[in-house]
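S.K.: Below you will find the structure I want to go over with you.
The values are calculated or read from the model by the stated rules, or taken from the named source; none is laboratory data. Nothing here was measured: the structure is a model prediction, and the numbers come from that model. No Cβ is skipped: glycine too gets one built from the backbone with ideal geometry, and neighbour counts run over all protein chains shown. Surface accessibility is based on the protein's heavy atoms, side chains included, excluding ligands, DNA and RNA. Shrake-Rupley method; radii C 1.70, N 1.55, O 1.52, S 1.80 Å.
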Amino acid sequence: MSEIRNYTMNFGPQHPSAHGVLRLILEMDGEVVQRADPHIGLLHRGTEKLAESKPFNQSIGYMDRLDYVSMMCNEHAYVAAIEKLLGVEVPERALYIRTMFDEMTRILNHLMWIGTHGLDLGAMTLFLYAFREREQLMDCYEAVSGARMHATYYRPGGVYRDLPDRMPKHAESRWTKGKDLTRVNEWREGSMLDFIEAFTKDFFERVDEYETLLTDNRIWKQRTVGIGVVSPERALQLGFTGPMLRGSGIAWDLRKKQPYAKYADVDFDIPIGVNGDCYDRYVVRMEEFRESARIILQCVDWLRNNQGPVIARDFKVSPPSREEMKDDMEALIHHFKLFTEGYCAPAGEAYAAIEAPKGEFGCYIISDGANKPYRLKVRAPGFPHLAAMEEMVKGHMLSDVVAVIGTQDIVFGEIDR
Amino acid sequence: MMDDLIWLIWTLAKIIGIAVPLILAVAYLTLAERKVIGFMQVRMGPNRVGPWGLFQPFADVLKLLMKEIILPAKSNRFLFLIAPVITLAPAFAAWAVVPFDDGIHLAQIDAGLLYILALTSLGVYGVIIAGWASNSKYAFLGAMRSAAQIVAYEIAMGFALVGVLIAAGTLNLNSIVTAQSGSLMHWYWLPLFPLLVIYFISGVAETNRAPFDVAEGESEIVAGFHVEYSGAAFAIFFLGEYANMILISALAALMFFGGWLSPFQGLGLEGTPLDFLTGSSFIWFFAKTCFFLYLYLWFRATFPRYRYDQIMRLGWKVFIPITIVWLLVVAVMVVYQIGWWW
């Protein structure tokens, strides 16, 4: 009698649904997965080490590149840790802007997630719908910071600059002209806040549209219900956060439990799941779209009616305005010192965590009193999720591995760091 | 002697007359697919090669033909190269018995339906051999999935066709169509509706198209059975798949939608100025085929992919029982002459 053995399959890193550079070693019994061993490190760029050799402010840009689909949220955790270390007061308007952009980032991230999750399970149309909306939000990023993705918009003490009064418009081109041009510029006639409001109000309808494609789709349900089930106890033990934890039915959200920025002042709900399977996590994230949109509308409302500074007026931490530099020697010196040497943080340590779209994203900084961190530790939400991969896919089929990768919403920028 | 020669040349001319338009149809089906799905997905589709991208298929073919055919080191050369041919040949050969209009066909054989069933079943060997000969785990999984899936759906499809056979009382495709003449309500879609649905869904599964494309499974097993194929060998797989899609659509039109019969027949339009609409024409056949092809594209843009075991469950536990029950219903209807179709 011949010997029957399981066989090993190499899934990734060059695989259409490896979400970047995931490498899974799968031990398969036919189509059934017996063991899944994720290999990480293919996107390691040494962010934490790099931060040790640079003044605090110069590492903000690296944070964008950690979880490169929820850029501003990463910045938020980093600057919040620095602010804690320095004890800087952030102006209220800046806090509202941060709240708004955190939520826009959440929508950006979840759009990317629904697109790729759908694509992994074969529903490819959703991917392009999601990217249509993403494009608009990217334009907002570009309008405030000049960069579509890696914004570097948050700074210790506030944000880089106030929201623009005018939303940039599409220029006429061979492809977009006449009626098309008026249509794409319809929301862009007024200020940026007008644009965000128009987009967000329309977005509720868009989410409904996505749901018509998937939520009650029998095939979608067959592919996600009962797949990758995590019990609430197990989810806590595994260190899950964000929608992964809420999908299992635990109402844990840092925005409610440890409010930062202006989350204590805005009204929103935390959706939670019941069964802890892929479908529940899908529903939770779809609901988060709507909650994020609600928060954005409240922020827009406040920002419209309240003006004020957007960055702390503390020249040790934030640069003086260009005007002041022209005739004030002190300001010029501050500017020079800030952009060469940076600032020195008092010796000590600080941990700041925010509810990033994927879960708790935290930065732990130890300062020895120098102008750069002695050590920076990034707590990436994706890491514990990926670590639970084996537990979630064991006994499922190869196609379900793909569903679980999608539901974990993995991005390797933050896992490999 | 002379007669034989003329017959031979005439037959060859007919073969070319079917094969060349078929290849062109495949070429433009790929373009149509990209355009239609493009518009469903708020994008343009190909629009750079020629006006509205009309020359795109030729650019694709040219590219594929010029690429190297890579033979994996430990593959079985002979099987690896013969597999695409095994997929393609039946897809084209089946067209021999397809009537395009009353009496317009390459071969009029009385067992036409049986011939088509036999040939379309052969196509799967290409897929299995390709997956096996590639000596790749991904391709192997694709071949396994395909083998299991085809067994299930071949049966459902066969039973659906038996329904048509009972209704028409003949295996000859030409006679099947003429048996449906009368009006829109005489076509077999009405009495055989469950069989039509099952036939077409099985057809989608048979051709490995979304949402049943588990043998290819882009996001799971990369490209499944043809993951190791490149260049012309890949193009042949592609050609075979699309020729099969057109075949399934054409057969659905012939067997359930009255082939070349006009949908305006029997509506009392005869003798009025709109009389020209009621005539039979291959244009109707063409239009009906296009309708089913459009469904293929629509499915692909809409549905997520089934999991392999779910496809099997659907095939064995839903489709086959329904077809068997409906066969009995049809048989009773035919024997007792219930309805106006027989």
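S.K.: Residues in the stretch B:119-127: is at least one under 25 Å from B:Leu8 (Cα atoms) and either open to solvent by 50 Å² or more (accessible area, probe 1.4 Å) or touching a helix residue (DSSP H, G or I) at 6+ places or on another chain (Cβ under 7 Å) (or both)? Full working, then the answer.
M.R.: Of the residues in the stretch B:119-127, the ones under 25 Å from B:Leu8 (Cα atoms) are B:119.
Applying the additional criterion that residues be either open to solvent by 50 Å² or more (accessible area, probe 1.4 Å) or touching a helix residue (DSSP H, G or I) at 6+ places or on another chain (Cβ under 7 Å) (or both) yields B:119.
Yes, there is a match, as at least one residue in the stretch B:119-127 is under 25 Å from B:Leu8 (Cα atoms) and either open to solvent by 50 Å² or more (accessible area, probe 1.4 Å) or touching a helix residue (DSSP H, G or I) at 6+ places or on another chain (Cβ under 7 Å) (or both).
Yes or no, residue by residue, for (1) loosely packed, with under 14 Cβ neighbours inside 10 Å; (2) closer than 19 Å to A:Ile82 by Cα; (3) touching a Phe, Trp or Tyr at 6+ places or on another chain (Cβ under 8 Å):
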position: A:Arg304; (1), (2), (3): yes, no, no
position: A:Phe315; (1), (2), (3): no, yes, no
position: A:Glu323; (1), (2), (3): yes, no, no
position: A:Lys326; (1), (2), (3): yes, no, no
position: A:Met329; (1), (2), (3): yes, no, no
position: A:Tyr343; (1), (2), (3): no, yes, yes
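S.K.: Taking the condition of being surrounded by 18 or more Cβ atoms within 10 Å (Cβ to Cβ) and either closer than 30 Å to A:Tyr129 by Cα or under 25 Å from the mean Cα position of the chain (by Cα) (or both), how many residues in the stretch B:65-80 meet it?
M.R.: Summing the residues that are surrounded by 18 or more Cβ atoms within 10 Å (Cβ to Cβ) and either closer than 30 Å to A:Tyr129 by Cα or under 25 Å from the mean Cα position of the chain (by Cα) (or both) in the stretch B:65-80 gives 1.
S.K.: Please enumerate the residues belonging to the stretch A:342-356 that are of a type in the set (Ser, Thr, Tyr) and assigned to a strand (DSSP E or B).
M.R.: Answer for the stretch A:342-356, where residues must be of a type in the set (Ser, Thr, Tyr) and assigned to a strand (DSSP E or B): just A:Tyr351.
S.K.: Another question about this same structure. Look at the stretch B:285-338 and say how many of its residues are of a type outside the set (A, V, I, L, M, F, W, C), more than 11 Å from chain A (Cβ to nearest Cβ) and open to solvent by 40 Å² or more (accessible area, probe 1.4 Å).
M.R.: Going through the stretch B:285-338 one residue at a time, the tally reaches 5.
S.K.: Of all residues in the stretch A:7-52, which are within 12 Å of chain B (Cβ to nearest Cβ) and of a type in the set (S, T, N, Q)?
M.R.: Residues satisfying the conditions are A:Thr8, A:Asn10, A:Gln14, A:Ser17.
S.K.: Look at the stretch A:208-260 and say how many of its residues are among the aromatic types (Phe, Trp, Tyr) and away from every other protein chain (no Cβ under 14 Å). Show your work before the answer.
M.R.: Just the residues of the stretch A:208-260 that are among the aromatic types (Phe, Trp, Tyr), to begin with: A:210, A:220, A:240, A:252, A:260.
From what is left, the residues that are away from every other protein chain (no Cβ under 14 Å) are A:240, A:252, A:260.
Final tally of qualifying residues: 3.
S.K.: Name the single residue, out of those in the stretch B:259-284 being in contact with a helix residue (DSSP H, G or I) (Cβ under 6 Å, 6 or more places away or on another chain) and of a type outside the set (A, V, I, L, M), that is most open to solvent (accessible area, probe 1.4 Å).
M.R.: Per the stated criteria, the residue is B:Glu270.
S.K.: Moving to a separate point now. Do any residues in the stretch B:140-156 that are over 14 Å from B:Arg307 (Cα atoms) have Cβ atoms under 6 Å from those of residues that are modelled with pLDDT under 85 and acidic (Asp, Glu), where the two are at least six apart or on different chains, and which pairs are they?
M.R.: Qualifying pairs under 6 Å: B:Tyr153/B:Glu206.
S.K.: Got a number for residues in the stretch B:173-185 being assigned to a loop (DSSP other than H, G, I, E, B) and open to solvent by 10 Å² or more (accessible area, probe 1.4 Å)? Spell out how you get there, then give the answer.
M.R.: As a first pass, look at the stretch B:173-185 and keep what is assigned to a loop (DSSP other than H, G, I, E, B): B:179-183.
Going one step further and asking which of them are open to solvent by 10 Å² or more (accessible area, probe 1.4 Å), we end up with B:179, B:181-183.
Adding up the residues that qualify gives 4.
S.K.: From the residues in the stretch A:373-417 that are touching a Cys at 6+ places or on another chain (Cβ under 9 Å) and open to solvent by 10 Å² or more (accessible area, probe 1.4 Å), which one is farthest from the other protein chains (Cβ to nearest Cβ)?
M.R.: Going through the qualifying residues, I end up with A:Lys377.
Residue-wise test of (1) closer than 18 Å to A:Val159 by Cβ; (2) open to solvent by 20 Å² or more (accessible area, probe 1.4 Å); (3) free of Cβ contacts under 8 Å to residues at least 60 places away in the same chain; (4) assigned to a loop (DSSP other than H, G, I, E, B).
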| site | (1), (2), (3), (4) |
| --- | --- |
| A:Tyr263 | yes, no, no, yes |
| A:Val266 | yes, no, no, yes |
| A:Pro309 | yes, yes, no, yes |
| A:His334 | no, yes, yes, no |
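S.K.: Here's a follow-up. Looking only at the stretch B:209-231, filter to residues that are outside any loop (DSSP other than H, G, I, E, B) and within 8 Å of another protein chain (Cβ to nearest Cβ); which one of those is most open to solvent (accessible area, probe 1.4 Å)?
M.R.: Only one residue fits best here, namely B:Glu218.
S.K.: Please specify each residue of the stretch A:212-237 satisfying the condition of being under 20 Å from A:Lys394 (Cβ atoms) and open to solvent by less than 40 Å² (accessible area, probe 1.4 Å).
M.R.: A:Arg223, A:Thr224, A:Gly226, A:Ile227, A:Gly228, A:Val230, A:Ala235 - these are the residues of the stretch A:212-237 that are under 20 Å from A:Lys394 (Cβ atoms) and open to solvent by less than 40 Å² (accessible area, probe 1.4 Å).
S.K.: Taking the options A:Glu92, A:Glu75, A:Glu3, A:Glu48, name whichever one is open to solvent by less than 10 Å² (accessible area, probe 1.4 Å) and not hydrophobic (A, V, I, L, M, F, W, C).
M.R.: Exactly one residue qualifies, and that residue is A:Glu75.
S.K.: Can you name the residue in the stretch A:162-179 that is surrounded by fewer than 18 Cβ atoms within 10 Å (Cβ to Cβ) and in contact with a helix residue (DSSP H, G or I) (Cβ under 7 Å, 6 or more places away or on another chain) and, of all such residues, is nearest to the other protein chains (Cβ to nearest Cβ)? Give the steps one after another, and end with the answer.
M.R.: Quick first cut of the stretch A:162-179, residues surrounded by fewer than 18 Cβ atoms within 10 Å (Cβ to Cβ) only: A:164-166, A:168-179.
Now narrow it down to the ones that are in contact with a helix residue (DSSP H, G or I) (Cβ under 7 Å, 6 or more places away or on another chain): A:164, A:168-170, A:172, A:176.
Values: A:Pro164: 27, A:Pro168: 22, A:Lys169: 20, A:His170: 16, A:Glu172: 18, A:Thr176: 12 Å.
The selected residue is A:Thr176.
S.K.: Let me ask something else. Which one is farthest from the other protein chains (Cβ to nearest Cβ), of the residues in the stretch B:186-208 that are modelled with pLDDT under 85 and assigned to a helix (DSSP H, G or I)?
M.R.: B:His186
S.K.: Please state which one of A:Asp194, A:Asp208, A:Asp202 is under 30 Å from B:Phe303 (Cβ atoms), open to solvent by 40 Å² or more (accessible area, probe 1.4 Å), part of a helix (DSSP H, G or I) and not hydroxyl-bearing (Ser, Thr, Tyr).
M.R.: A:Asp208
S.K.: Here is a further query. Every residue in the stretch A:357-388 that is in a strand (DSSP E or B) and in contact with a Lys or Arg (Cβ under 8 Å, 6 or more places away or on another chain), please. Spell out the reasoning first.
M.R.: So the first thing to find is which residues in the stretch A:357-388 are in a strand (DSSP E or B), and the list is A:359-367, A:375-379.
Across the stretch A:357-388, the qualifying residues are A:Glu360, A:Phe361, A:Gly362, A:Cys363, A:Tyr364, A:Ile365, A:Ile366, A:Val378.
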